[in-house]
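The values are calculated or read from the model by the stated rules, or taken from the named source; none is laboratory data. None of these values were measured; they are calculated from a predicted model. Positions of Cβ are backbone-derived with ideal geometry, glycine not excepted, and every protein chain shown enters the neighbour counts. Heavy atoms of the whole protein, side chains included, go into the accessibility calculation; ligands, DNA and RNA do not. Shrake-Rupley method; radii C 1.70, N 1.55, O 1.52, S 1.80 Å.
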Amino acid sequence: MVAKYFSSRGKPSPKSRQDSFSAKLIFAEHARLLYNSLAPEGEKVKRSRSSYVLKMQNNKLLISINAQDMTAFKATLNTLIKGSELAVKMANG
């Protein structure tokens, strides 16, 4: 969790507290399969309260997730996990 506590003057201010949530996921196994199954929606996906970026690097899939709140974070994470599970299940028959 990354918490921001800065007002417009750059001083900590509890009134302007804004929490955001982020995670970086790295998939080595089935990386290309997962990328191909998730990428049709776009490499950079922006929703109203969350976003994620897909990137292939050294035969690994890197996914960076950012969200404004925990609910949006969990929804995005669940979407990516369910999509990944489905892709691997379909590939394995």
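A compact table of results
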item: Residue-span extension gain [E43 to A23] - 0.36 nm each, minus C-alpha spacing; result: 5.6 nm
item: Karplus (6.51, -1.76, 1.60) ³J(HN,Hα), θ = phi - 60°, over segment 58-64, in Hz, Gly and Pro reported as x; result: 6, 6, 10, 9, 10, 10, 10
item: Under 13 Å, Cβ to Cβ, from A72 - net charge with Lys/Arg +1 and Asp/Glu -1; result: +2
item: For V88, solvent-accessible area (1.4 Å; no DNA, RNA or ligand), Å²; result: 40 Å²
item: Loop-resident sites, segment 17-90, for GluC sites (Glu not before Pro), counting at most 11 other Cβ within 10 Å (DSSP); result: E29
item: Accessible surface, per residue, of segment 13-82 when the full set of protein chains is kept, probe 1.4 Å, Å²; result: 66 Å²
item: Largest-first ordering by accessible area, 1.4 Å probe, given options T79, T71; result: T71, T79
item: Net charge of Cβ neighbours under 9 Å - reference L62; Lys, Arg +1; Asp, Glu -1; result: +3
item: Amide hydrogen neighbours beyond the local backbone of D69, cut-off 5 Å, H modeled; result: F21
item: Cα convex hull volume per residue for segment 31-87 (Å³); result: 66 Å³
